[in-house]
Amino acid sequence: MARPRTHDDGLRVRLLDRAGELLSGEGPGALSLRRLAKDAGTSTTAVYSLFGSKPDLISALYVEGFARFEKRLAAIVRTGDHFEDLVSLGLAYRASALADPHMYSIMFTKAVPGFEPDESATDLARSTMNPLLDTIRTGIADGVFVNEPAERIAASSWGIAHGMVSLEINGNLPPGFDVSGAYEAALRANGRGWLRTQPAPN
């Protein structure tokens, strides 16, 4: 009878999620392979078997965060309404961040001093913005958005989304603040600012 495989993808994902929780909740000093193994109910041997070393674990955590992010953004079906597609991508950005808040610090901040993603991980991180850039480029070509560099509009749109999501995740918004409503309103205000033909005031 074959011996059951214990170091499977389920364990790998569980270890990455717990590593992200330790990193975002307690800082890089809390992330030891021994504690990670204990918290996940496995052995340090399993951690080494799956990741190789602590730097490899950090790199895998970075890649996992962006892989999940990319999957969620890529799942947004374009409707042909470029303005609404831009808003939908912004909403997906927030949904992804709230689904994996423990990944956010490793993805977008220098959460681990000295960590630098390798070339393939950097390429993955950059490619996650392709749906946003493609939507904007198509919108420019179709005369919906102003004739500005797509990267400039993308950076503005990302900045709005990232800023509000960061405030929300870090608990820096006032109690009772309508986060969802204000977030979508900010996305729409940003998008309207890039329209070639401005809508008539209400």
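The values are calculated or read from the model by the stated rules, or taken from the named source; none is laboratory data. Here the structure is a predicted model, which is why all the values come from computation and not from measurement. We place every Cβ from the backbone using ideal geometry, glycine too, and count neighbours over all the protein chains shown. The area values use the complete protein model at the heavy-atom level, side chains included, leaving out ligands, DNA and RNA. Shrake-Rupley method; radii C 1.70, N 1.55, O 1.52, S 1.80 Å.
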message: Once neighbouring chains are kept in place and the probe is 1.4 Å, which whole percent of the accessible area of the chain is contributed by carbon and sulfur?
response: 54 percent
message: Compute a Gaussian network model of the chain, connecting alpha carbons closer than 10 Å, and tell me which residue from L132, L167, L187 fluctuates the most.
response: L167
Per-bin percent of Cα-Cα distances, segment 57-202 [5 Å]: 2, 9, 18, 20, 19, 15, 10, 5, 1, 1, 0
statement: Interchain or sequence-distant (5+) residues whose placed amide H lies within less than 5 Å of the amide H of F145 are I140, R196
Approximate spin-label separation T197-L91, in nm, with each point projected 7 Å along Cα-to-Cβ: 2.5 nm
message: Run the reach check for K38 against lysines, Cα to Cα strictly under 25 Å, same-chain hits fewer than 8 apart removed. What comes back?
response: K54
Neighbour net charge for V179 - beta-carbon separation under 12 angstrom, K R +1, D E -1: -2
3J(HN,Hα) from dihedral phi, segment 76-82, Karplus parametrisation 6.51/-1.76/1.60, rounded to Hz, x for glycine, proline: 6, 7, 6, 9, x, 8, 4
- request: Sort the following peptides by mean Cβ neighbour count (other Cβ atoms within 10 Å, averaged over residues), highest first: 71-83, 91-103.
  value: 91-103, 71-83
- prompt: How large is the accessible surface per residue of the chain, computed with a 1.4 Å probe and reported in Å² as a whole number?
  reply: 54 Å²
